[in-house]
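Report on the following structure.
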Amino acid sequence: MTFTPPEHIPKQPVFDLLALTGSSKGSPSPPSLRDAPYQCPVNRGSLAIALALRHIGLSGRKEVLVPAYHCGAMIEPILAEGGIPIFYRIRADTTVDLEDMARRRTPATRVVLVPHFFGFLQPLQAVRAWCDAHDLILIEDCAHAFFGETEGCPVGTQGDYAIGSTWKFFPLNEGGCLVSFRHPLNTIKTRAPSLSEELKAVVNTLEYASTYGRLGSFNALFKKYFFTSRTGWSNASGQNRLPSLRPTNLETLRLRKISFPPPFHSGFDPKRTTLSGSLWARWVTEKIFPFLHRRKKDGKNYQTLLEASVNLPGCHPLFPHLPEGIVPHVFPLVMDQPLAVFGKLKFAGVPIIRFGEFLWDKMEKGTCPISEDYSRRIFSIPLPPKPAKNMN
Ligand SMILES: Cc1ncc(COP(=O)(O)O)c(C=O)c1O
């Protein structure tokens, strides 16, 4: 049995009734993936990667260049769509090592996947030009970067496609998007979620919000009704958390002879590739978007953590400056001795996100020493828009 200490700060945005009544005056939203003319809402970012690869068509040239610093949610969709991941190096500032990428290109290379790690947009003009020169498709992985711009380029505009992970930025339990500033996506056919999936999307969001006391006078009512009733949504172990929509269908992958050791498996389920985003996710994104002045709020939270950590022994911030136009997803800290402090932080209730903690075991050791180092040593602290209260 494992014990997970309660986290005093939520890891992801929490739905808040007040957000729906706020004012959007005086603070224009930064550029975002919502500005793309072509939009396809989906259930998760990993599914958007799969959908993009399906739209491109990987017949013949199947190699996809991906960073050696990655998570399962980036690799599983490639394998599920019949692609072959080829790993390229990143530099210490997490930007693409273009020389290394060029060395790894073969006649079978078709696609390049470039993430904006932790929300810090990397300049992509050189990668874009290189892709054009070699007839390669660029997928901009914006799972950590729904908002922002760098060097005059708004997020998502350099890729042929951009994928987003809406649930990381909006108070949702699920949600992603495939967008494009360059290619129409209207030939992509998606299917609507069932009524029960729609309802679960609503209930899971509200349940998470009530855990952090964000539903005002509805908190008690929600807890009483949903936590104590034996509805069809109660989970088998009797825990009050409703079954998550996070897909866990390992069986489908096994049938396709794709296997992952459990820690690497992200929950990606190829059966959901064409599942469109729920109406609830679309509504919340639409409704909350004007009030989500993340640039201002997250920038302030980022600066607070920066000041708090700058002279702290045993760690240093990965990005000691927050450039203009960047809307960070988290605050990444490079730890000197990760194993020695992980347990202590966890038991102190500090929420830690560990991107790339498990690298694909088939990637050759030594492919990218920086990625291997970051995989072990980077702990990311979430940047919640509001401190938690009334946590139970
Ligand atoms: C860089 C990156 N790309 C893609 C994904 C997939 O996003 P999702 O969790 O919405 O499937 C993740 C997930 O964390 C990610 O970190």
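Per-residue Cβ neighbour counts within 10 Å put Trp283, Trp130 in the sequence Trp283, Trp130, beginning with the fewest. If you plug the beta carbon distance of Lys346 and Ala308 into 1/(1 + (r/R0)^6) with R0 = 22 Å, you get a FRET efficiency near 0.75. Remark: the Leu279-Arg104 segment gains 58.8 nm on full extension, using 0.36 nm per residue and subtracting the alpha carbon distance. Compactness of the stretch 293-382 is given as radius of gyration and Dmax, 14.3, 42 Å, from Cα positions. Grab the beta carbon distance between Asp93 and Leu221, set R0 = 51 Å, and tell me the FRET efficiency rounded to 0.05. Efficiency, from the Cβ-Cβ distance: 0.55.
Each other residue within a Cβ distance under 13 Å of His183 adds +1 if Lys or Arg and -1 if Asp or Glu, for a net charge of -1. Computed from label points 7 Å out along Cα-Cβ, the spacing between His265 and His183 is 3.1 nm.
Here the gap between His316 and Tyr38, fully extended at 0.36 nm per residue and compared with their Cα-Cα distance, gives a gain of 96.1 nm.
Computed from the alpha carbon atoms alone, the convex hull of the stretch 53-164 holds 92 Å³ per residue. Computed extension gain for Ala133 through Arg376, at 0.36 nm per residue and net of the alpha carbon distance, reaches 83.9 nm.
Spin-label model, Glu197 to Leu17: label points 7 Å out along the Cα-to-beta-carbon direction sit 3.0 nm apart.
Taking trypsin sites (Lys or Arg not before Pro) across the stretch 77-128, the ones in a DSSP loop with at most 15 further Cβ atoms lying within 10 angstrom of their Cβ are Arg91.
Values quoted throughout were computed directly from the atomic coordinates according to the rules given, and no laboratory measurement underlies them. Since this is a predicted model, take the numbers as computed values, not measurements. Using ideal geometry, Cβ is built from the backbone for each residue, glycine included, and neighbour counts are taken over all protein chains shown.
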